[in-house]
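Read-outs: derived from the displayed coordinates by stated rules, not from any lab. Being a predicted model, the structure only gives us computed values, none of them experimental. All Cβ positions, even for glycine, are placed from backbone atoms using ideal geometry, and neighbour counts span all protein chains on display.
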Amino acid sequence: MISAKNQEVTSMKPWSLLPLACLLFLLTGLCLGQNPKAGVSLYRLEGGTSWMNDLGRFCDVFSYHQKPGTLTVSAFLIKHNDDYLIWDTGLPAATKGSKLDRTQATSREMTKTLTDQLQEINVAADQINYVAVSHYHTDHIGQASSFPQAKLLVGDKDWSVLQQADTKGREFVEHWLSGKGEVQTVSGDLDIFGDGSVLMFATPGHTPGHHSLLIKLPETGTVLLTGDLVHMQESFDNDRVPAFNTSRAETLASLDRFKRLAKHWKALVIIQHEPENMTKLPLFPEAAR
Ligand SMILES: [Zn+2]
């Protein structure tokens, strides 16, 4: 049986279907534009290198007592369609030119700043729309001030710590603390672009407002960036908690959440300070897509 509605359609002149065709074309285009995997790529940037002759404070049950180690400092650039986001900003730019000196208790090295690296792929500093940070430590906010026009995304409880006059590294985010820059404080999780492709998710414990980042790439699949949830692969595998974390209980709960997310999404996990994890992503200026 043909309904009255269908009859009406069959009696339509071909040109009268034109508006409907246009609408379908428009909706198809919009739907394609909303594909969370469309136009997302991930670059690993150098944020410096740190040397310590004693990693002891990175485990509160003394697993690394008097063990020396080298940690990479990572930053990442995410291109989402026409927007750019930087995740963590590395050591301060003034570190550039320093060399590791393993005769010292600690030392730092950096060959290129973030803006040096962006220039190599023809991205200007003022094209960065967002600077999102895992937490307030100086090896993560060190070069934030290179991107004053960007909106700063930071955990709300970490932002509260940065308000305190005695917090180390405040100068790197002074632009936003003084009210000149736009800040979005993040409570819980934040779907940054609203399409599920880049999620800043709460992993408190290292600091009260610590976050990690989930990125869905069209070819690579899901990538998880730890922030400083852990610093080394051994720490990740054995649930080590640094002695200087703000909450042992929150760290362990966050590790549990992170590992469940990684399993659920079959994710590529990048431990940002672990030198051996850096080969999991293409070497800059190549990007993971
Ligand atoms: Zn760190």
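Over 21 Å between C-alpha atoms is what I'm after, so list which of Lys151/Lys180; Lys79/Lys157; Lys216/Lys266; Lys151/Lys266; Lys67/Lys96 land there. Those over the limit are Lys79/Lys157; Lys151/Lys266; Lys67/Lys96. Report, to one decimal in Å, the Kirkwood hydrodynamic radius for the stretch 214-276 based on all distinct Cα pairs. About 12.2 Å, per the Kirkwood formula over Cα pairs.
Enter the angle in degrees (range 0 to 90, nearest 10) between the Cα long axis of helix 18-33 and the first principal axis of the Cα atoms of the chain, meaning the one along which they spread out most. For helix 18-33, the angle is close to 10 degrees.
Across every direction, the projection of the convex hull enclosing the Cα atoms of the stretch 98-180 has a mean area of 6.6 nm². Ellipsoid semi-axes for the stretch 176-289, based on the Cα gyration tensor and the rule √(5λ), read 21, 21, 14 Å when sorted largest first. Cβ-to-Cβ counts within 10 Å put Leu217, Leu100, Leu162, Leu283 in ascending order as Leu283, Leu100, Leu217, Leu162, the fewest first.
Mean separation of Cα pairs under 8 Å and 6+ residues apart, divided by the residue count of the stretch 73-147: what relative contact order is that in percent? Normalised by residue count, the contact order of the stretch 73-147 is 38 percent.
Around the amide H of Val183, modelled in the peptide plane, lie the amide H atoms of Leu152, all under 5 Å away and 5 or more residues distant in sequence or on another chain.
Seen from all directions on average, the chain presents a Cα convex hull projection of 20.5 nm².
As a proxy for reagent exposure, Met232, Met110 were ordered by neighbouring Cβ count within 10 angstrom, fewest first; the result is Met232, Met110. Cα centroids of the stretch 77-130 and the stretch 198-253: 21 Å apart. The relative contact order of the chain, computed from alpha carbon pairs under 8 Å that lie at least 6 residues apart in sequence, is 18 percent.
With N denoting the number of residues in the stretch 186-251, provide Rg(C-alpha) divided by 2.2 N^0.38 Å, to two decimal places. Relative to the rule-of-thumb radius for its length, the stretch 186-251 sits at 1.21. Let me see the P(r) profile for the stretch 37-114: every Cα-Cα distance counted, bins of 10 Å, each bin given as a percent of all pairs. Whole-percent P(r) values from 0 Å outward: 19, 34, 28, 15, 5. For the chain, the longest principal axis of the C-alpha atoms and the axis of helix 248-265 are separated by about 40°. When the Cα convex hull of the stretch 91-146 is projected onto planes of every orientation, the mean area is 4.6 nm².
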